[in-house]
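> Got a structure for you, questions after.
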Amino acid sequence: MQHDEIERRTRRRRRVRSLLAIWAVFVSVFLLWQTLTYRGLMALAAEWQFNTFGRYYPSLTYILLATIIASPVLWLLRGRRRRDDERDGDRDGDRHDDTTMTEAAQVAAKLPGRNFIRAILGVAGGCVVACLVVLIAMASLPSDVGQVQRIAIGSPAAMEPRTGPTELVGSVLRSRTAGLNQELLVARRTIRFAPMLSPGGNNREALHFFVEIGADENAATLQSDGTREGVLRRHGLPGELVRLFQYAGYEVADPYYVLFASRSALQWPYRVAAIQLAIVGLICLIAAGGLHVRRERLRRHLRDQDEVIAPATTSPA
């Protein structure tokens, strides 16, 4: 009967751990999606940061929100770790005298809990899953290979353009160029976008097209006939800039399109996000490995101490 009860408890703990791991991964991926699309909690947090600090820190915001939302998992694992440590102390110190038991309890208290180590490994696994999601999303971005379509803004062809290699003909509204400094954990860049209107269009028409503005404009990026060439993407503006144009009184059409100077520029935020997640996952993996090594060393120390003292405690007085 006791064996059956232990088996049931073990299966229940495994189910709970699995559910907690799934919850943590779900939170990580969901907030990552909101970060990339500038929606929900991430958008609200970004707006608050813009109003309070004048800047937005996406990586730090993502980490803080993911930790706060997943905190019930950490508390549950903390309680399990404490019980594990108490069991370790009881098991490794039950044959020692009073002095030895105190010392064993001190050593056992330093043992990293198994569930705590598993939690760190779970974070690493979540980072791996999120990294794969980002890479899949990046692979689905428009390609720069294929026939280049030429679109004059305002023409019927501009109503439903296809994404990919594109030449846009229109008038760039340079007075409304908006820039954004993207400071991520491992890289930073400054990007600028400006609306592109139909030739001779007025400044108050709905904005259907935006173009990336390079640090230095030259003949390669701005041709004499007002044509710009690059990779067209649907809904490609950072969410912060969409809000900025709206706050300035412009109507951003739905859908709208963004012409990036290159596919590399289009992939940049995804590539950096994947690198960040890989780095965090690697750090968690190294931390879990270090804690496991420390745990095993302390356990060996307790066993060696037990082997030395056990004969003395069992010998006749």
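The values are calculated or read from the model by the stated rules, or taken from the named source; none is laboratory data. Keep in mind that what you see is a predicted model, and the values were worked out from it rather than measured. Note that we place each Cβ from the backbone using ideal geometry, even for glycine, and neighbour counts take in every protein chain shown. For the accessible areas, the whole protein counts, side chains as well, though only heavy atoms, and no ligand, DNA or RNA atoms are used. Shrake-Rupley method; radii C 1.70, N 1.55, O 1.52, S 1.80 Å.
> Restricted to the range 1-39, and to residues that are open to solvent by 70 Å² or more (accessible area, probe 1.4 Å), under 27 Å from the mean Cα position of the chain (by Cα) and not β-branched (V, I, T), which residue is modelled with the highest pLDDT?
F30
> Go through (1) in contact with a Pro (Cβ under 8 Å, 6 or more places away or on another chain); (2) at pLDDT below 85; (3) surrounded by fewer than 18 Cβ atoms within 10 Å (Cβ to Cβ) for V148 and report which single condition fails.
Tallying (1) in contact with a Pro (Cβ under 8 Å, 6 or more places away or on another chain); (2) at pLDDT below 85; (3) surrounded by fewer than 18 Cβ atoms within 10 Å (Cβ to Cβ), V148 fails exactly one: (2).
> Would you check if T35 is in a helix (DSSP H, G or I) and touching a Pro at 6+ places or on another chain (Cβ under 6 Å)?
Considered against the rule, which asks whether it is in a helix (DSSP H, G or I) and touching a Pro at 6+ places or on another chain (Cβ under 6 Å), T35 comes out as yes.
> Would you mind telling me which numbered condition in (1) among the hydrophobic types (A, V, I, L, M, F, W, C); (2) over 29 Å from the mean Cα position of the chain (by Cα); (3) at pLDDT 80 or above; (4) crowded, with 19+ Cβ neighbours inside 10 Å V134 fails?
(2)
> Does I283 count as at pLDDT 85 or above and surrounded by 12 or more Cβ atoms within 10 Å (Cβ to Cβ)?
Judged against the criteria, I283 is a match.
> Going through the range 244-281 one residue at a time, which ones are within 22 Å of I136 (Cβ to Cβ) and touching a helix residue (DSSP H, G or I) at 6+ places or on another chain (Cβ under 8 Å)?
F260, Q267, P269, Y270, R271, A273, A274, Q276, L277, A278, V280, G281 - these are the residues of the range 244-281 that are within 22 Å of I136 (Cβ to Cβ) and touching a helix residue (DSSP H, G or I) at 6+ places or on another chain (Cβ under 8 Å).
> Applying the selection to the range 41-64, what residues are more than 12 Å from E240 (Cα to Cα) and buried (at least 18 other Cβ atoms within 10 Å of the Cβ)?
Passing the criteria: T61, Y62.
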